[in-house]
Structure formats: structure tokens, C-alpha cells
Number of protein chains: 10
Amino acid sequence: MLFQVEMTVTIPLDFDKVEADRIKAVELAYSQKLQETGEWRHIWRVVGQYANVSIFDVESNQRLHEILIGLPLYPFMTIKVTPLCRHPSSIRDDDR
Amino acid sequence: MLFQVEMTVTIPLDFDKVEADRIKAVELAYSQKLQETGEWRHIWRVVGQYANVSIFDVESNQRLHEILIGLPLYPFMTIKVTPLCRHPSSIRDDDR
Amino acid sequence: MLFQVEMTVTIPLDFDKVEADRIKAVELAYSQKLQETGEWRHIWRVVGQYANVSIFDVESNQRLHEILIGLPLYPFMTIKVTPLCRHPSSIRDDDR
Amino acid sequence: MLFQVEMTVTIPLDFDKVEADRIKAVELAYSQKLQETGEWRHIWRVVGQYANVSIFDVESNQRLHEILIGLPLYPFMTIKVTPLCRHPSSIRDDDR
Amino acid sequence: MLFQVEMTVTIPLDFDKVEADRIKAVELAYSQKLQETGEWRHIWRVVGQYANVSIFDVESNQRLHEILIGLPLYPFMTIKVTPLCRHPSSIRDDDR
Amino acid sequence: MLFQVEMTVTIPLDFDKVEADRIKAVELAYSQKLQETGEWRHIWRVVGQYANVSIFDVESNQRLHEILIGLPLYPFMTIKVTPLCRHPSSIRDDDR
Amino acid sequence: MLFQVEMTVTIPLDFDKVEADRIKAVELAYSQKLQETGEWRHIWRVVGQYANVSIFDVESNQRLHEILIGLPLYPFMTIKVTPLCRHPSSIRDDDR
Amino acid sequence: MLFQVEMTVTIPLDFDKVEADRIKAVELAYSQKLQETGEWRHIWRVVGQYANVSIFDVESNQRLHEILIGLPLYPFMTIKVTPLCRHPSSIRDDDR
Amino acid sequence: MLFQVEMTVTIPLDFDKVEADRIKAVELAYSQKLQETGEWRHIWRVVGQYANVSIFDVESNQRLHEILIGLPLYPFMTIKVTPLCRHPSSIRDDDR
Amino acid sequence: MLFQVEMTVTIPLDFDKVEADRIKAVELAYSQKLQETGEWRHIWRVVGQYANVSIFDVESNQRLHEILIGLPLYPFMTIKVTPLCRHPSSIRDDDR
């Protein structure tokens, strides 16, 4: 089950820097662990923004929801979810 | 140089079906050739839409423009281009 | 896999009435068959609009896409897809 | 009288966690009681959002208003109300 | 059951004038009959627009839908429906 | 001179409750006095919102502005004003 | 009674040029006559657009509606009406 | 050089009243001085809003920018600037 | 007087190709002549769009309007005009 | 690689003035250094706004991202990035 997820992060100007850095470190580990399991298939930075475009490959909508609300930066994020599926023109096996 | 390109196709209700099918066949070949060269890195279908989310990896903005205006379905498309770059959290070598 | 799908139908003023009625009849049969299999879980009319709010329960994103692009009225529709999952407060077993 | 109601919850980052949890517990009880009476017919979680899509079946607009402004989380919500009615294609008796 | 309904009419530039006038005459009779029964409570013209703001008082959502899709000008209209209820500050008995 | 006025009230979560109640009481008296004079012709609650739809009948734009900026809740309101006039289909004398 | 009216004109590409010129000539005369009576107080061109910003000073909303729907180019126009009144800072007597 | 400028003022609910009044007094003097020199040609209040529609006649874009960022209420304003020019239908010499 | 002008061109699918090519050739000459005089200071293509971002340096709003409505492709264009002025941080003499 | 970048700055009303001035001074130096290297090709002020329109010429998307997130005012900015390329009509060698 493929999904495009666009995440935009907004941390308030007066939010504690040390706490923000701590959360970002936990976020990094969280993201990389899910990349390793293959559920978080791709992640790219959007140029000029504190935002990313990601592709998830999960077994269900429920699982995607668990992953997203578990993001350490979730309380600071605006999230847009778009369900995808294989494109008939694709020649790449792993764009399933 | 990475770009997310979102393409939405709108073919008028009264457009000739045979001609539309001919253009779609040329589009398919055009897309697959660029996937083979590696410039069109990924393509996914958006569920419920005649639309795709694609990732391009090209040497320049100019090259991306040439590819997009050369799309056989270009006159029927609305296109949104988002420049991307490698995300610091990515563990995949080819998400460069 | 639950999805809310909102469909809005726009038939051009000068579209042939007989052909429109024929398509609507096929649409009715197509919809009811999918309701019987359980994939099209709910359908409601939006008051004052030629539009509906529907709930689908399908095995995959791919399957939902096949259902939607197969709708006889698809060429006349604007479609919005929202992925859903079970709500922790729900007491109804079939709102899974 | 059927209504689609979309509720999105935004709790400020600095809102007291204990108080937030208390309100959420009251909200849960409030919601389940109305589900039991049948007025709150369906509730689903929107994937990736602190939001739900619900279907209400109430005797009047006035009653729906009373229910919504009585939600314990109401001060934190953005609410969108869409009046629905039975769809002529529906085969389910309780999608009335 | 009170509803605000905002209707905007767009008749194509090349639509037959005689037929348009015929439809408008039927619309006038249709509207006035419903005003007489009390279901179409108020109607005002929006200044500078081919549009109106109306208040309906109907027994159900279903009835409102029947009235609206029965409008002779319905195929030319964009319609926005807003459910209303009595305001606690109102001193007018018939703003129920 | 008829106007549709849509008022939406947003009181900050941390605003003093006692002061808010005091302002609302003044607002109630202010609104009812203007209803009695006939300038505030109608007021309805929008279902699910802290908002109203009102119809004003005033001698001038200037007078409407004075009424609106004098609303005790004005600093908390978003206001949309739409000029109306009598609709040629209206059969009600007081929808002038 | 002062109003800002913003008018944008869109004439279809395939509309008859001679007929368009005829309508524009009638529009010119219509506008200048109303400028002379003082009801159409100001008119300016929006740079780069087939659009104008105008100020009307009329005795009622009804009168403004009559003027606007009587515009020879009305069927080709999108119109936005904003009610104005005298600004307390104004030093010009005729910005009443 | 003519410009339509729309200014909307938003002063936070908890902003000091005395300081706000002081700034408004300076704003009044600033505006009237520019009206006297003829650069601020017109100013009208938007009904129901803390906003104005103004017409400026300045020698350059640079000069308009200086005037606007010099407004005492500038930090509280949202500003929209639209370049205008003489309309060919205008009969007023000073709508240049 | 500096302006950013963003032009987007939409030529209908069924517009005559020979006539379109003729207009584009005239547009090219028109644009290059104005570039040579210095009024059309910069022009760039927007990647993936039949659109450009341009910078104009003209003596007045009136002159800019004449240039824009004189564009051979004007009837096919959507145009957005943004007035600019010298930025205090600029080190380039000709970004005046 | 050319990009149009639109930056809008919003500094909170209660942000420390001295600190804001310090950041602006660093921003000025940062901008001028990049203008000198040629990566920040153009910068113009948007009239009436605390905003600029800039043109960047960089070797890659990655480089543009580094420049933008390194802006001293970045935490206060809303940024819009549009990829550009040479326009076939351009006669200026450095609009490459």
C-alpha cells in the first residue's frame, strides 16, 4: 500500500532550542528505523522549506496512521496524505 | 537534480477516442524510454485520479523543461514542479 | 482498508439526454453490485448537489483505483479520496 | 436527518497535558453515549490527522447543533457540516 | 428545519434566449408556489450578481434536496447549502 | 437597504471566562435592541459553529458600519457583508 | 451610498469581433452617462487586465443592482461589490 | 502613477489600549498630511471592517513603498497593492 | 518603475496551429524589440509551464498597460503584475 | 540553474527590536556576499510589503537549499521557490 506523505514542520520561534534538538534527534532515529524496515520507502527534502516529500509502503491505512502519529515531530507538523498505486507505465519493479 | 512533478491529465469529453489512444501509446513509450535512461526515476498513479506523482533526476532545469514540454500528453496536462534535494535523514543511496 | 470518497458529477448542458440516462443506468447497476460485495460500504446523497459521500472498504489502494476509474460516470466526475481507519472511540464493529 | 461532520482538533503545544487528557476522556464517554443512542451513527479516523469523519442521524438541525457545541473538545475544533440524505442507489436500509 | 441556500445562475452566452426565458418563467412560478406553502421562507437578490440568498424551512434534508434538484434552473446553478437553527438572541417568533 | 452579514466569533482559549460572559450579555442586549427597532431583521445560528447569519435593514452603509463596529463582540469577530436587494420573485412584502 | 465595484471582462476568443465592438461602444456611452449624473463617481483601469476599479455613489442597493445588470458587457463580466462609507480620516468633502 | 491600496488592520486583543490610541492618532496625522499633498488621493472605510480602500497618486513605485512602510499602523496591517491607470471611458480629469 | 509580470499562456486545444504559430512569431518580434529598448528587462521561462517571469522597467503604469495589452498573445494570457522597487540590500546598479 | 525565490518576512510584534536589528544586519551581509559571488543574481523589494523577489543562479538544488536555510531571517520567512530556465525569446546573454 503506497502513499505520498508531505510533512511540513513549524517550530514556534520561542520554543526551547535544546528540547527542539532533542526531538529532532529522536525523529532521525525513528525515521531511519522505518526506512530500514522498508515501510518508509523514500524521503526527500523540499528545497527552501522545512518540509519533506516521502513515500510509504505499508500493510494498511491503520499502520500508516500509527507511524505518522508516532512521529516525534508530529505535534509540529502539517501532514498531507495521498494514496498511490502502481502506475501502468512504470518499468521499476519496486515502484509497486 | 531531483524534482517532484505532479501531472494531471484532462482530455475533453468530445475528444476523438482513437486519437487519444494514439497519443497515450506514444506517451507510454516516451515515459518508459526516460525511465530507462534514469532521468524519470519514479512514477506512481494517484488513486482515483488520471494523475501521477513522479520523481525526475536531471542535469538541469533546462533539461527538465525539455522533457516536460515534450510529453505527448503535455497539451492536456496541468503540471506542478517541486524542486527536491537529498534529505539528511535518508539512508538510501539512490535518494540522492 | 477504509476510504471516504466524495464524487461530484458534472454533465455538460448539451450532452445527449438519452446517452446520459443510459450511462446512469449502468452506473446504478455498477454501484449496487459493489455494495452487495461489501466493497462500497455506504453511499449518501449530498443535499442540493449532484454528488455523493461514500465509504469504501477494499483490500488495497490498487483495488480502489480500479473501482473508481471503472465508474461509468467517471469521465464526468471530480473525485476526492480520503484514507480512513478505525477510530479508537468507535463502538460499532463494522466501522472497522 | 443525516449529516456528514468533519472535526479537526488542534490543541496548543503549551496546553496542559493533564487537562488535555481529562478532556479527551470526557469526550470519549460523550461520543460513545451518543453512538449508543444511534444519533452518532459512524465515526472514522482520518489517516495522519487528529481528525475524524462522522455521520450523524438526528431529529433536527437544532439537535445537531446542541450535540456539537456540547463536545468537550469543541473549543479546540474546526467543524464542517454537510447535510446528507438517502442516495437513490443505496441498497442498505440503514443508510436512510 | 432551517437552511440558508445561496444560488448562483450561469447561463452560457450562446444559450437560446427564448428557451432561457421559458425556463425563467417556470422557475418564477415554481419559486412562488413554494413561497406560498412557506417552505421557501425568504429570497433576496445579491447586488450585482445573478444570484440569490434564500431561507428554506422544510421538514427534512430529503425534502430540501427534492426542492433544489427540482428547480427549473438547477442545471445552470451553483448551490451552497448551510444548515441553520434558531439563534438564542432572536426575538422574532418566525425565525424559528 | 438590505444586507446579509455573516459573523463568526473566535474567543481565545485562555480568555477570561467571566469577562467573556459579561461581553456576551452586553452583546445579547445590543442585538435585541436593534431587532426591536427593525434594523436587525433576522438572525439565525449556523449549525455547529459559533457563528450567525443575519439580515440587516438600514438607512445607509454608514449606519450598518456603526452598528457592526459597535458590536460588543466585534474585536472577536470575522465579518462578511453582502449587499442585497428585493428579489423580483419574492411574494413577501417585508423581504423588501 | 458608496460602493467599490471591481469588474473583469472576459470575451470568448471566438466571439464575433464586430458584435463585440458594437457592445463596447454602447458600454462606453452607458458608462459616461452615469459618470455625468454622478452615480458612477470614479473609474480606473487595472494595469495589464481587461478590468476596472470603480466607485459608485447611489441612493440604494436596488439602484446599484439596476445599474450593474444593465451594463451592456454584463454577460461577459465577473463583478465584485464592496460597500464603503466615509473614512473618519478623509479630508476630501466628496469622499462622502 | 495611480495605485489602489487596500489596508486591513489587526491589533492583537491584548495590545495596550493607550499605546494603540497613540499610534492611531499619529496615523491620522500622517494620513491627512499625505492627503493634503495630493499623494493620498482618496480613502474610504470598508463597511464592517477595520480596513480601508485608498487611491494613491505618486511619482514612482519607490515613493509608494516609502509611504506605506512609513504608516504608523504598518506593523499591524495586511496590504494589497494594485497598479491602476487612466480608464479610456473616464470623463473626470482628476481620475488621471 | 520596475514591475514583475508573470504571464501564463493557454491556447485552446482546437485553435488553428498555423494561426497560433503566426501569432507566436509576431510575439517573439514584439518581445525582442521591447527587450532592445530596455523596457522589457528580463524574461525567464517557468520550468514545465507555458509561462514566463518577466521584469519590466517603464516610465509609468500607463506605459506598462499599453505594452501588456499590445502583446500578440494577450487574448490567451493570464497576467499577474507586481510592482517592485530597488531593494536596499542590492549591490547591482541595474536592479534599480 | 535559475530559480525565482519570493521571500516574505514576518517578525512578531513583540520580538525584541535590538535582536531584530542585529539579525537584519547579518542578513544584509549574507545577502551581499552571495550577490558578489553571483549566486544571488537579482533582488527587488515588493512595493508595500516586507518581501522580496529574487533570482538565484546556483549549481544545484542542494546548493539553493543550503543558501536559503542559512538565511539569518529564515525562521521568520515564508519562501516560495519556482525553477526557471532560459526563455527562447531572451536576447540578454546573462538571462541564461
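The values are calculated or read from the model by the stated rules, or taken from the named source; none is laboratory data. In this text the structure is predicted, and so the values were computed from the model without any measurement. Neighbour counts run over all protein chains shown; Cβ positions are idealised from the backbone, glycine included. For the accessible areas, the whole protein counts, side chains as well, though only heavy atoms, and no ligand, DNA or RNA atoms are used. Shrake-Rupley method; radii C 1.70, N 1.55, O 1.52, S 1.80 Å.
In a DSSP loop and with at most 16 other Cβ atoms within 10 Å, the GluC sites (Glu not before Pro) in segment I:31-73 are I:GLU39, I:GLU59. Each Lys or Arg adds one and each Asp or Glu takes one away; over the other residues whose Cβ falls under 12 Å from the Cβ of A:VAL9, this sums to 0. Over all other residues within a Cβ to Cβ distance under 13 Å of B:VAL53, the charged ones net out to +3, with Lys and Arg as +1 and Asp and Glu as -1. Charge dipole (Cα centre; +1 on Lys/Arg Cβ, -1 on Asp/Glu Cβ; no other charges) of segment J:17-82 amounts to roughly 240 debye.
Tilt of helix I:17-37 relative to the longest C-alpha principal axis of chain I, in degrees (0 to 90, nearest 10)? That helix lies at roughly 20 degrees to the long axis. Using the Karplus relation 6.51 cos²θ - 1.76 cosθ + 1.60 with θ = phi - 60°, the per-residue 3J(HN,Hα) values for segment J:75-86 come to x, 9, 9, 9, 10, 10, 10, 10, x, 10, 8, 4 Hz, with x marking Gly and Pro. Couplings 3J(HN,Hα) of segment I:11-16, computed from phi: 9, x, 3, 9, 6, 4 Hz, in residue order, whole Hz [Karplus 6.51 cos²θ - 1.76 cosθ + 1.60, θ = phi - 60°; x for Gly and Pro]. Please say if segment E:1-56 is rounded, prolate or oblate, where rounded means a/c under 1.5 for a ≥ b ≥ c the square roots of the C-alpha gyration tensor eigenvalues, and otherwise the choice is prolate for a/b larger than b/c and oblate otherwise? Here segment E:1-56 falls in the oblate category.
Per-residue ellipticity at 222 nm, computed for the protein assembly as shown from helices alone with -39500 (n - 2.57) per DSSP H run of at least four residues, works out to -10000 deg cm²/dmol. Averaged over its residues, chain E has an accessible area of 44 Å² per residue, based on protein heavy atoms and a 1.4 Å probe. Remark: accessible area buried at the E-C interface is about 700 Å², both chains counted, probe radius 1.4 Å. Electrostatic bookkeeping for B:HIS65 treats Lys and Arg as +1 and Asp and Glu as -1; over the other residues with beta carbon under 11 Å from its beta carbon, the sum is +2. Across chain D, counting alpha-carbon atoms alone, Rg and Dmax equal 14.4, 48 Å. Over 26 Å between Cα atoms: which of D:LYS33/F:LYS80; C:LYS80/D:LYS80; B:LYS33/I:LYS80; F:LYS24/J:LYS17 fall into that group? Those over the limit are D:LYS33/F:LYS80; B:LYS33/I:LYS80; F:LYS24/J:LYS17. Converting phi to 3J(HN,Hα) with the Karplus coefficients 6.51, -1.76 and 1.60 and the offset θ = phi - 60°, segment H:50-66 yields 8, 7, 9, 10, 10, 10, 10, 10, 10, 7, 6, 4, 4, 5, 4, 4, 4 Hz in sequence order, with x at every glycine or proline. Coordinate range of the alpha-carbon atoms in the protein assembly as shown per principal axis, descending: 74, 74, 62 Å. Any chance you could check segment F:37-61 for residues losing 40 Å² or more of accessible area when the partner protein chains are in, compared with the chain on its own (1.4 Å probe)? Listed by number, the residues meeting the 40 Å² cut-off are F:HIS42, F:ILE43, F:TRP44, F:ARG45, F:VAL47, F:GLY48, F:GLN49, F:ASN61. Summarising the rotation from chain D to chain G, the nearest chain D beta-carbon to the axis and its distance in Å are given as D:LYS80, 13. Legend: mean number of C-beta atoms from other chains within 10 angstrom of residue C-beta atoms, peptide G:16-25, equals 0. Each peptide in C:25-35, A:46-56, B:10-20 was scored by the mean count of other Cβ atoms within 10 Å over its residues; highest first, the order is A:46-56, C:25-35, B:10-20.
Give me the distance between the Cα centres of segment B:58-96 and segment D:48-85, rounded to whole Å. The two parts, judged by their Cα centres, are 42 Å apart. For segment C:18-96, the carbon plus sulfur part of the accessible surface works out to 55%, probe radius 1.4 Å.
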